[in-house]
1. Taking only the stretch 77-126 into account, find how many residues are over 17 Å from ARG5 (Cα atoms) and among the aliphatic types (A, V, I, L, M).
2. Which residues, counting only those in the stretch 134-171, are assigned to a loop (DSSP other than H, G, I, E, B), within 18 Å of ASP116 (Cβ to Cβ) and either within 16 Å of the chain's Cα centre (by Cα) or of a type in the set (A, V, I, L, M) (or both)?
3. Conditions: (1) under 24 Å from ARG150 (Cβ atoms); (2) in contact (Cβ under 8 Å) with a residue 40 or more places away in the chain; (3) part of a strand (DSSP E or B). GLU84 meets all but one. Number of the miss?
4. Restricting to the stretch 1-28, give me the number of residues that are of a type in the set (A, V, I, L, M), in contact (Cβ under 8 Å) with a residue 60 or more places away in the chain, surrounded by 15 or more Cβ atoms within 10 Å (Cβ to Cβ) and not in a helix (DSSP H, G or I).
5. From the list THR67, THR71, pick out the single residue that is surrounded by 13 or more Cβ atoms within 10 Å (Cβ to Cβ), free of Cβ contacts under 8 Å to residues at least 40 places away in the same chain, among the polar types (S, T, N, Q) and at negative phi.
6. In this structure, is TRP24 modelled with pLDDT under 95, on the phi > 0 side of the Ramachandran plot and among the aromatic types (Phe, Trp, Tyr)?
7. Kindly indicate whether GLY108 is touching a Ser or Thr at 6+ places or on another chain (Cβ under 7 Å) and in a helix (DSSP H, G or I).
8. Check the stretch 29-41 and report whether any residue there is of a type in the set (Phe, Trp, Tyr), touching a residue at least 12 places away in the same chain (Cβ under 8 Å) and not in a loop (DSSP other than H, G, I, E, B).
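The values are calculated or read from the model by the stated rules, or taken from the named source; none is laboratory data. Bear in mind that the values here come from a model prediction, so they are computed numbers and not experimental data. Quick reminder, even Gly has a Cβ in these numbers, built from the backbone with ideal geometry, and neighbours come from all protein chains shown.
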Amino acid sequence: MIIVRAELTDLPRLLRFRTDAAGWLERLGTDQWSRPFPASNIAASIQAGEVFLFKEDQALDAVATVTLDRTIDPELWALWRPEERAERALYVHKLVVDRQYAGRDLGGRILDWAGDLAARQGDRWLRLDAWTTNSRLHRYYLDHGFRHVRTTQDPNEVSGWLAQRPARRTPHSFGDPTGVSPVGAKEPDRKMGT
């Protein structure tokens, strides 16, 4: 399996990942990702070089995706304490695996790749936020080495379950024929405060 950076021409596939995942999640009884996500936000992440696709072969359709950046979601800024915001971390967003690849722990391997990437860049943590009410997803991340940090008490924040695990060099077995390089090593986005 290889990793490539997404391009704007991949936007329809990225949107389909999200709608397919929302349908599957609905069948499981959760409303996660039931609201449409602005395509412009995904396009901006693509243009910033933050969206990665996982493929069996360069010529084939993507089977998974993840977005990695150094930006704390503005709605969650205050949930991370000032000393946590000051630590170098890589943030995982929009991790989706095509259902036909379910049960192969592809998502776990992607998390290992992201943790390895974070470690190579000198980050201390691999962090994420998850749908607040999706306990099955929380268990998945806990089973993959994440530690629950805290959960927002704001009923309007749907993705307020925060977790992190140490960034560490980890084998992941992905090929990189396209030269995908680490996400820019800029400091955490501090638009929202300290």
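1. 8
2. Result: HIS144, GLY145, PHE146, ALA167.
3. For GLU84, the exception is condition (3).
4. So the count comes out to 4.
5. Among THR67, THR71, only THR67 is surrounded by 13 or more Cβ atoms within 10 Å (Cβ to Cβ), free of Cβ contacts under 8 Å to residues at least 40 places away in the same chain, among the polar types (S, T, N, Q) and at negative phi.
6. Values: modelled with pLDDT under 95: yes; on the phi > 0 side of the Ramachandran plot: no; among the aromatic types (Phe, Trp, Tyr): yes.
So TRP24 does not fit the description; no.
7. Here the answer is no, as GLY108 does not meet what is asked.
8. No, the stretch 29-41 contains no residue that is of a type in the set (Phe, Trp, Tyr), touching a residue at least 12 places away in the same chain (Cβ under 8 Å) and not in a loop (DSSP other than H, G, I, E, B).
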